[in-house]
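What follows is a set of notes on a single structure, which appears directly below.
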Amino acid sequence: MAKKRIAVLYGGKADEHSISCISTAAVLNALDADRFEAIPIGITKQGQWITDGEDPRGFVMDGRNLPTVRAVEGSRPVMLDIGAGSDGFFARDPDGSLVSLGHIDAVFPVLHGPFGEDGTVQGLLEMMGVPYVGCGVFASAACMDKHFTKVLLQAAGIPVAPGVMFDTRDFDAAHAFKPDAAAMVDRVRRAHLPYPVFVKPSRGGSSFGVHKVESEGDGSALAAAVLDASHHDWKVLVEQGIDAREIECAVFAPRAAAGDEEPKASLPGEIVLDHADGDTDAFYDFDSKYVDAHASHAEVPAHLPEETLQRVRDVAVRAFKAVDGAGLSRVDTFVNAAGEVMVNEINTMPGFTPISMYPKAWEATGVPYGELLTELIEGVL
């Protein structure tokens, strides 16, 4: 049987560029080489598509030396012919001529964040008529925006964390939002959000720009947090700090786009901070996720009663279906002491790094990493 040729997109213009690179290294090293021929296509931080660059299989997370896609000697720009569909992928040689990259059977967009996980690439591939792994345009766009995710889930009767959204385009950036601090504090108060509150970009990921504000009425701290979050997105969420555990559940539906498959939920997992510095109020930030290997570890299944774990799985599937999910997603929830479950956010292309929760959760549920990739790709072919 001829191998299927899979274009793997990685990098991208988003803050999560380096995480995409690490995810891609893991994907390429685990891909079944007897079934698939991978065609790596990198996207630089400036948005240029290239091939034949640095081999992404060798990307590693080395402290703060984060891998990036860049044009190097021998790399070639990638050009697309939208109307040619699966035969529309070309590389431009140094003499200016275009050389076909061959027929592409499907695309695996291992891209996180804006310009990759937000429906933009998905829309491009839809126009080309090329099958791709993951959620479609609507689910990708809606779940990239945490504010609209809340709107959709609330409409479906699924509990979410209370919060308010700030349009920071209206704020005084020239003075670091300081003149707007009192109005911010008042709006949080009128929304009846108890402190601590969490401030985050509505359309960001990997905990970039996320801050915890401890004290009620601390306008300077709130303004500073909103200012930093606004560097990642002009839509900024301020959410109530929930006295609960953060439980993540991986959802898998490789054939959902064909309408003939019920989504499956993994055993729910929990990221446990190891508090090496004794800070029991720490939260799961970028360093905890990717830089400090000793800052946290994943426990799958999470140490919760069986009925609570099943409740998380049920809510995760309901949330996935409510946003018209397809392929895969990671549904992040809060579970309080009473066992009540609310959804925090939905990641339509979750991390695929060796320490990421999505593959770890499925491995613990009985689906090894390589088999997971095979089923995701076969599901769209």
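The values are calculated or read from the model by the stated rules, or taken from the named source; none is laboratory data. Keep in mind it's a predicted model, so treat the numbers as computed, not measured. Counting neighbours? That spans all protein chains shown, and the Cβs are built from the backbone with ideal geometry, glycine included. Just the protein is used for accessible areas: all its heavy atoms, side chains included, with ligands, DNA and RNA removed. Shrake-Rupley method; radii C 1.70, N 1.55, O 1.52, S 1.80 Å.
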Additional length obtainable on full extension of the chain from Ala191 to Ala155, 0.36 nm per residue less Cα span:
11.1 nm
How much FRET efficiency would the formula 1/(1 + (r/R0)^6) give for Gln310 and Ala2, where r is the Cβ-Cβ distance and R0 is 45 Å, rounded to 0.05?
0.60
Translational diffusion coefficient of the chain at 37 °C, 0.692 mPa s, Stokes-Einstein with Kirkwood Rh over Cα pairs, in µm²/s as a whole number.
152 µm²/s
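What helices does the chain have that are whole DSSP H segments, at least 18 Å long along their own axis by Cα, and with mean Kyte-Doolittle hydropathy of -0.5 or more? Before the final figure, lay out each step's value.
On the way: long enough: 17-30 (20 Å, 1.08); 306-322 (24 Å, -0.44).
In the chain, the long hydrophobic H runs are 17-30, 306-322.
Rank these by accessible area, largest first, 1.4 Å probe: Ile82, Ile39.
Values: Ile82 70, Ile39 15 Å².
Listed by decreasing accessible area, they come as Ile82, Ile39.
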Where a ≥ b ≥ c are root eigenvalues of the Cα gyration tensor, a/c under 1.5 meaning rounded, otherwise prolate if a/b exceeds b/c and oblate otherwise, the range 134-176 counts as oblate
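With a cut-off of 8 Å between alpha carbons and a minimum separation of six or more residues, what is the relative contact order of the chain in percent?
Numbers: 860 pairs, mean separation 65.6, N = 381.
Relative contact order of the chain: 17 percent.
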Please list, in order, the residues from the range 1-45 whose amide nitrogen is less than 20 Å from a point placed 7 Å along the Cα→Cβ vector of Glu126.
9
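Near Thr168, within a Cβ-to-Cβ distance under 11 Å, what is the net charge of the other residues, with Lys and Arg +1 and Asp and Glu -1?
Values: positive: Arg169, Lys235; negative: Asp167, Asp170, Asp172, Asp180, Asp228, Asp233.
Result for the local shell: -4.
With runs of 4+ DSSP H residues as the only contributors, calculate the mean residue ellipticity of the chain at 222 nm using -39,500 (n - 2.57) per run, divided by the residue total and rounded to the nearest 500. Show your work: numbers first, answer last.
Details: 9 runs with 99 residues, N = 381.
After summing the helix terms and dividing by the residues of the chain, the value is -8000 deg cm²/dmol.
Taking only protein heavy atoms into account and a 1.4 Å probe, give the accessible area per residue of the range 212-268 in Å².
Values: 2380 Å² over 57 residues.
Averaged over the residues of the range 212-268, the accessible area is 42 Å².
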By accessible area of protein heavy atoms, probe 1.4 Å, what ranking do Trp49, Trp234, Trp362 get, highest first?
Trp234, Trp49, Trp362
So for the range 66-135, using the alpha carbon gyration tensor with a ≥ b ≥ c as root eigenvalues (a/c under 1.5 gives rounded; past that, a/b versus b/c decides prolate or oblate), I'd call it oblate
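Where only protein heavy atoms count, and the probe is 1.4 Å, what is the accessible area per residue for the range 68-210 in Å²?
Working: 6260 Å² over 143 residues.
Per residue, the range 68-210 has 44 Å² of solvent-accessible surface.
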In the neighborhood of Ala38, defined by Cβ-to-Cβ distances under 14 Å, what is the net charge if each Lys or Arg adds +1 and each Asp or Glu adds -1?
-1
Long-range lysine pairs (8 or more apart or interchain), the chain, Cα under 12 Å
6
Working out 0.36 nm times the residue gap between His231 and Asp87, then minus their Cα-Cα distance, what length gain in nm do you get to one decimal?
48.0 nm
How large, in percent, is the carbon and sulfur part of the accessible surface of the range 1-110 at a probe radius of 1.4 Å?
47 percent
For the range 157-171, Karplus couplings with θ = phi - 60° (6.51, -1.76, 1.60), whole Hz, Gly/Pro x
x, 9, x, 9, 5, x, x, 10, 10, 9, 8, 6, 5, 8, 8
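Between Thr68 and Arg35, what FRET efficiency comes out of the Förster formula 1/(1 + (r/R0)^6) with R0 = 30 Å and r the beta carbon distance, rounded to 0.05?
Working: r = 30 Å, r/R0 = 0.99.
The formula returns an efficiency of 0.50 here.
For the chain, what is the percent of antiparallel DSSP beta bridges, rounded to the nearest 5? It would help to have the intermediate numbers written out before the result.
On the way: 47 of 61 bridges.
About 75 percent, rounded to the nearest 5.
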